[in-house]
Amino acid sequence: MQEDKYRQLHVDFELTNNINTARRMMRSLPGNRVQTLYQVISLLGYKYLSKNVKNNKGDLGYELNEDLYYENLLTNKGHVIDTLKEGIEQITQNKDNAQSSDVFYNLFDLVDFETYNENNNWLMLIEIVETLCSETLATLGEIVLFVINTSSMEKSRGSGVIKPSEDIVKLMTVNQKEVKNLYDPFAGEATLLAEIGNKINVKNYYGQHPDEINCILAKISLLTNNVNYKNIFIKSNDILKPINWNVKFDLCVCTLPVNRKIKLNTYDDERFKPYAPKKSTELAYLLDMLYNLDEDGTIKILVRTAVLRSLPDKKIIKYLVDNELISIIIGLPQGEFEIAEIQRALLVINKKPTENGIYYLNLKDAETKRELKKKVLSIVDIDKYVSLLSNREEQKLISKIATIDDIRENDYNVSINRYVDLEILEAIDIEKTIANIKAIKKELKQVDEELNEKIGELLKQ
């Protein structure tokens, strides 16, 4: 576990240095930085597919002639655009296989030969790709996820998009070893799906997103992290329109955007009757996951802590509590995401009743640190909290099991501070505050005395 942590820190350090170098190289290119990063991601995808077809002879869902491999872009420098166009056409033209067509047909739609219309543009883009891949322990899949997260931050600065941190992935995969069907109803670029797949054994990856660009990036994310095309099911779709997936999911995960407003069809849609959310978008996604969940399945969703006490949607919380479907609620520290001012919690829900209460884990006050100038914080001693969670162990001020009767007595308010004892922490804070006030008063008094003494000396003159 510690070895994995040090490797991740090393990889983060290398990729941070490489992306900073790459940013400087991008200044000579046309288009904005997000457009340029899309070209880089597409080239990384092309590099992976070239390597994959070279090393594997099974059913890959596409073909690529040897003279069109990525390395030929490096040697055939005078004809990069022509070679790349021909290679992309060959990869995306398999129309005999419906699943292959669904995954590959638009995989390179972000490639822009109009803005980047000179051969030298592509030589620079290839040089950027090689810079990102040089002198690093990172796999090509890890590099792709890193660059996709970078492009997403550039694109959505200030919009509230949430990216999965290493801590979140650890908390989401506790006591989970393998998953047949993994689903994210707001998959974004599928970075969360890919990260979970790198932690545990996952067979099939399902997800949807209303933005076609996100869906393309999602497929590149999964392919470059060694997921076979047969196991990728990403749809360009909004939650407003139900999808018949033809399967049930044994693990549903989601990190949702801030304040996304949707208008649900509450009358005809089986997913939302009779508990259609009036206010909380998070609960709409939760109901979608619950509807598509396997009988032995689990939901792990990030919500604003305000949702836990949401009065307009209390009937949904009441339904989940009365049917003993909520098993775990974890309070997360501020700064765990790009939007530091919003407090969030990880909600774990089972399709079958848990019958042993709700396990609360309070990490809101956990010690955090920022590494490598990241926009998100990491939780110090996260493995200690993972161990508590794994064993549902109670520890004063940190974790506690609340019974269903406890929740009912609190009028179905499932907020963390209603059940985890914070009295000692509050007392300590008050004592510190009083001590600080006394120290400030003493200091002010000393300043006043010194000032009066100096004024007295001036008057004597």
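Enter the Cα centre distance for the pair segment 307-330 and segment 87-127, rounded to the nearest angstrom.
46 Å
Using 1/(1 + (r/R0)^6) with R0 = 41 angstrom and r between the beta carbons of Asp411 and Ile262, what's the FRET efficiency to the nearest 0.05?
Using R0 = 41 Å, I get an efficiency of 0.90.
³J(HN,Hα) across segment 219-232 via Karplus (A = 6.51, B = -1.76, C = 1.60, θ = phi - 60°), whole Hz, x for Gly/Pro?
Per-residue couplings from phi come out as 5, 5, 3, 6, 4, 6, 9, 6, 8, 5, 4, 5, 10, 10 Hz.
Rank the residues Tyr206, Tyr183, Tyr275 as a footprinting-exposure proxy: fewest other Cβ atoms within 10 Å of their Cβ go first.
So the ranking, lowest neighbour count to highest, is Tyr275, Tyr206, Tyr183.
Can you give me the Kirkwood hydrodynamic radius for segment 185-320, using every pair of distinct Cα atoms, in Å to one decimal?
Result for segment 185-320 stands at 15.6 Å.
Please say if segment 9-64 is rounded, prolate or oblate, where rounded means a/c under 1.5 for a ≥ b ≥ c the square roots of the C-alpha gyration tensor eigenvalues, and otherwise the choice is prolate for a/b larger than b/c and oblate otherwise?
It comes out oblate by the Cα gyration axes.
So between Asn391 and Lys248, what do we pick up on full extension, going 0.36 nm a residue minus the alpha carbon distance?
Residue separation times 0.36 nm, minus the Cα-Cα distance, leaves 48.7 nm.
Quick one: which residues, 5 or more positions from Thr368 or on another chain, have an amide H under 5 Å from its amide H? H modelled 1.01 Å from N in the peptide plane, none for Pro or chain starts.
Here Val380 satisfy the definition.
Could you give the size of the charge dipole of segment 2-154 about its Cα centre, using +1 on the Cβ of each K and R and -1 on the Cβ of each D and E, expressed in debye and rounded to the nearest 20?
With Lys and Arg at +1 and Asp and Glu at -1, about 380 debye.
Evaluate the Debye formula for segment 2-154 with equal point scatterers sitting on the alpha carbons, no solvent, and hand back log10 of I(q)/I(0) at q = 0.12 Å⁻¹, in q order, two decimals.
Here log10 of I(q) over I(0) equals -0.53.
Quick check on the exposure proxy: order Thr139, Thr83 from fewest to most C-beta atoms within 10 angstrom.
In order of increasing Cβ crowding within 10 Å: Thr139, Thr83.
Restricting to lysine pairs 8 or more places apart or on different chains, what number in segment 2-154 have Cα atoms under 27 Å apart?
The number of close lysine pairs in segment 2-154 is 14.
What is the fewest-to-most order of Met124, Met153, Met172 by other Cβ atoms lying within 10 Å of their Cβ?
The fewest-first ordering by Cβ neighbours comes to Met153, Met124, Met172.
Bear in mind that the values in this text are calculations on the coordinates, not laboratory data. None of these values were measured; they are calculated from a predicted model. So basically every Cβ, Gly included, is an ideal-geometry build from the backbone, and we count neighbours across all protein chains shown.
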